[in-house]
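Here's the structure, in structure tokens; my notes come after.
The values are calculated or read from the model by the stated rules, or taken from the named source; none is laboratory data. For clarity, every value in this text was computed on a predicted model and none was experimentally measured. In this analysis, Cβ positions are derived from the backbone assuming ideal geometry, glycine residues included, and neighbour counts consider all displayed protein chains. Heavy atoms of the whole protein, side chains included, go into the accessibility calculation; ligands, DNA and RNA do not. Shrake-Rupley method; radii C 1.70, N 1.55, O 1.52, S 1.80 Å.
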Amino acid sequence: MQRFILEIGSGADLYGRDYTKAALRALDDALRHSSITLFHALNIDHTAMKVRVTIGVQEPDLIDQSAILAAIPRGEPELIVLFGGHNVDTRGDGEKTVVATCAVEALLPNQAAHFKSVSHQNE
Amino acid sequence: MTKTVLVFERGTGTALRSGSYTKAACRAVQNALWHNSINIAELFGAQKSDMMIDVEIACQDPNAIDVDDIAVEFPYGQITVSAVQGGLDIAHPDMPERKTIIAHAAIKVSLDLIAQEA
């Protein structure tokens, strides 16, 4: 399997301290800045794709992993939760804004055997 | 001196190939600053240069952040930069020495305000 895209996103829960809410927003952010049109263009099934999601928050044990996995729309999902993200005391009163970091890696088997790329250099 | 935090802005930035935490952090600051337009100083009849701006960068190697490069991103204000552990590094699938860096910037904008009789 070969990684063909890395999509990056961030999400926050401003005052609810909900790491899972922030992580779901980060995942949504990552997914919504690009669209992989090759599946439709080349009639490749989404199930051929593996999707590895890495979430970073300041308290990784508090992430509801099943909720994140359920939000991965297609492909065979894998979830890794690490120490990352950012917590900010924005008001100076101990209340925290929690920010989650999300990286989505999509992988497919190498496609060179199925599709040949015709070079048009120096035409 | 009553330093009053009036606005919080956040941003995320990346370095895809350079391996530079500072570059990712600068982009995070730009993402934060150019996502909104605030006229907070004007609201209080203050100068833009009166704004006290505290920036906290979160990345996986906070010691690698060049605080002077971060401060330079701000068009005005008195800038204080700090860095903590956070964000994410994602390894390149084939080249272990290369990684994609994701950094966050948290920006708090304050003025020294004293309540007055209206």
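If the condition is being of a type outside the set (A, V, I, L, M, F, W, C) and either open to solvent by less than 10 Å² (accessible area, probe 1.4 Å) or in contact with a helix residue (DSSP H, G or I) (Cβ under 7 Å, 6 or more places away or on another chain) (or both), then the range A:77-104 contributes A:P77, A:G84, A:G85, A:H86, A:T90, A:T97, A:T101. In the set A:T20, A:T47, only one residue is at pLDDT 95 or above, loosely packed, with under 14 Cβ neighbours inside 10 Å and not acidic (D, E); that residue is A:T47.
Beta carbons closer than 6 Å, at least 6 apart along the sequence or on distinct chains, pair a first residue in the range A:83-94 that is facing chain B (nearest Cβ under 7 Å) with a second that is open to solvent by 40 Å² or more (accessible area, probe 1.4 Å) for A:G85/A:Q58; A:T90/B:F8.
Of the helices (runs of 4 or more DSSP H) lying entirely inside the range B:1-109, those containing at least 3 residues that are buried (at least 17 other Cβ atoms within 10 Å of the Cβ) and of a type outside the set (G, A, S) span B:21-33. Test B:D94 against the stated conditions and say whether it is facing chain A (nearest Cβ under 10 Å), on the phi < 0 side of the Ramachandran plot and at pLDDT 95 or above. In short, no.
Applying the condition of being more than 9 Å from chain B (Cβ to nearest Cβ) and surrounded by 18 or more Cβ atoms within 10 Å (Cβ to Cβ) to the range A:1-17 and asking which residue is farthest from A:K50 (Cα to Cα) yields A:D13. The set of residues in the range A:23-44 that are free of Cβ contacts under 8 Å to residues at least 40 places away in the same chain and open to solvent by 70 Å² or more (accessible area, probe 1.4 Å) comprises A:R32, A:H33, A:S35, A:T37, A:H40, A:A41, A:N43. Within the range A:13-49, the set of residues being acidic (D, E) and either within 16 Å of A:A70 (Cα to Cα) or under 16 Å from the mean Cα position of the chain (by Cα) (or both) comprises A:D28, A:D29.
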